[in-house]
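I have a structure I would like to understand better, so I am pasting it below and will then ask my questions one at a time.
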Amino acid sequence: MLQAFARRQGLIFVFISQIDRRYDPATKPCPDLDDVRLPNPVDLCLFSKTCFLNNGEVRFQASR
């Protein structure tokens, strides 16, 4: 419903999330959707774009 509302109104919603503590920057330089901490179930397929930051690196991409 929130997605439909945003499209009708021409709005962009930005959500900030924590990265799971198990993320290891030695394994991959920037986190991705697999590393998002989900204390409550959320369907990450609802998001159309992602932006991840780590140690000065920024990664923008289309969501799955």
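Restricting attention to region 39-63, which residues are touching a Leu at 6+ places or on another chain (Cβ under 9 Å) and loosely packed, with under 11 Cβ neighbours inside 10 Å?
Leu46, the sole residue that qualifies.
List the residue pairs whose Cβ atoms are under 9 Å apart, where the first residue sits in region 2-26 and is in a helix (DSSP H, G or I), the second is of a type outside the set (A, V, I, L, M, F, W, C), and the two are 6 or more positions apart or on different chains.
Final answer for the pair search is Gln3/Ser48.
Let me ask something additional. Which condition breaks for Cys45 when tested against (1) assigned to a loop (DSSP other than H, G, I, E, B); (2) at pLDDT below 90?
(1)
The values are calculated or read from the model by the stated rules, or taken from the named source; none is laboratory data. Quick caveat, the model's predicted, so the values are computed rather than measured. Ideal geometry is used to build each Cβ from the backbone, glycine not excepted, and the neighbour counts take in all protein chains shown.
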